[in-house]
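No lab work stands behind these numbers, since they all come straight from the coordinates. Everything numeric in this text was worked out from a predicted model, so none of it was measured. Reconstructed Cβ throughout: ideal geometry from the backbone, glycine too, with neighbour counts over all protein chains shown.
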Ligand SMILES: *Cc1c(COP(=O)(O)O)cnc(C)c1O
């Protein structure tokens, strides 16, 4: 089988996996997607594998036939060399909800799941393509992608990385994690603007003619570490299988039983990876996408209209403060029967009018598999408190959106399918909100970490220990309108 990738907007030559990783985004501004049938996997075989071997089996179905050994080596480097605990994703119980903790990587973020592997995929792809230009990785971040990408790409040969974060849109811990980043090839830049501004500037950079000329002159090219890169999406399929198998191994379910997944969602990459897993044979009943007060996904999944003409809220779950959810474009492409012309039309409408509506048939397919809901900020805090009092489990603000939405969904539908909630952050990433929720007291960030640890006994993740005292190395702040020019001058400096 010829495993090619195309763009969701139909105007991009067919390319292979390695080219897709390196290119990051379609030439036409669309997202790259595998244009072949998902391979069905044998669950009874996979359940016996450790995380590295499981990841190898899953991911190698997306690469050319002879790539499996390369993928195995990359997975070993990412997941098998002590950057994660022995059980890469521990699955805990909070009452009757299974919580898959995706935050045990080297920056204590769920983004580590994919960004620990992406640099290895990038270097092996550059080698396969015999590419000798330097690659400049661009990442817009609502907080966690930035740090995880910096850590993943720091001092990786042949690469440099620029991270753009909204100055008022990330938590104090996230900001401190990023601005203290070491590494010869890294830059971290604060933006006067919100996450969507940063993300769209990065997307624009890829299509910018002036930048293209400058990059050619300086023997460099751009790629992306955001979940627009299919190399972010594919590694995320693995933990859906893994957490399902954990339930089988712990005799909570029998092999073949259906489960639901509840996913705190922003750019929708996480949830979409689960849908890929389902297509590869994982028995999934429903996906429940949870949002915060920026509930554009909830509205989309209940009406079929994607309407970005609305107020943007900065909330206590900032990684989900997103109005332009990139990966939804991939879902719409699949659900419309891989109709790139239609997707292109939708995305042009979104750009021009801030709104599009999928056709009835597409919407029916989506609604059949995806449910959605959201919590406002007070509900987030109340959910953290309730879950702790009921189960002794401490949720962070994002995972709390998932937990609360799941409870709403179960109450409304009576669906009793066992559910795995993906936990996307440690409570110590957002300690002020979590502490306030549990103990009704406002503390500064570092006191909140200390007292949260004392009172709940939940261990502080290693990457966050001592973070307060790390030196600030990155102090550049620019306006959102200056991002393109900043990239240009960085190219010229190479
Ligand atoms: C990135 C992130 C999300 C959203 O994930 P998507 O794949 O963009 O939907 C949710 N929670 C946290 C803590 C995150 O860092």
Check your understanding: Relative contact order of region 355-494: what whole-number percent is it, with Cα pairs under 8 angstrom and at least 6 residues apart?
Key -> 18
Check your understanding: Quick one: of the DSSP bridges fully inside the chain, what percent are antiparallel, nearest 5?
Key -> 25
Exercise for review: Would you order 470, 330, 232 from fewest to most other beta-carbon atoms within 10 Å of each residue's own beta-carbon?
Suggested key: 470, 330, 232
Point to revise | Gap separating the Cα centres of region 261-299 and region 363-388, nearest whole Å | key: 11
Check your understanding: Does region 115-189 classify as rounded, prolate or oblate by the C-alpha gyration tensor (a ≥ b ≥ c root eigenvalues; a/c under 1.5 gives rounded; else a/b over b/c gives prolate, otherwise oblate)?
Key -> prolate
Check your understanding: How many angstrom separate the Cα center of region 16-30 from the Cα center of region 145-217?
Key -> 19
**Study point:** Inter-probe distance in nm under a simple model that places probes 7 Å from Cα toward Cβ, at residue 37 and residue 367
**Key:** 2.9
Review point. Does region 59-198 classify as rounded, prolate or oblate by the C-alpha gyration tensor (a ≥ b ≥ c root eigenvalues; a/c under 1.5 gives rounded; else a/b over b/c gives prolate, otherwise oblate)?
Key: oblate
Review point. So how do 98, 403, 51 line up by other beta-carbon neighbours within 10 Å, fewest first?
Key: 51, 98, 403
Exercise for review: Assuming a ≥ b ≥ c are the square roots of the Cα gyration tensor eigenvalues, decide whether the chain counts as rounded (a/c under 1.5), prolate (otherwise, with a/b larger than b/c) or oblate.
Suggested key: rounded
Revision key, fill the gap. Footprinting proxy, 219, 11: sorted fewest to most Cβ within 10 Å, the residues are 219, 11
Exercise for review: May I ask you to derive the relative contact order of region 1-101, considering only C-alpha pairs under 8 Å and at least 6 residues apart, and to give it as an integer percent?
Suggested key: 21
Study note, to complete from the structure: Scoring the chain by relative contact order with C-alpha pairs under 8 Å, at least six apart, yields a percentage of 19
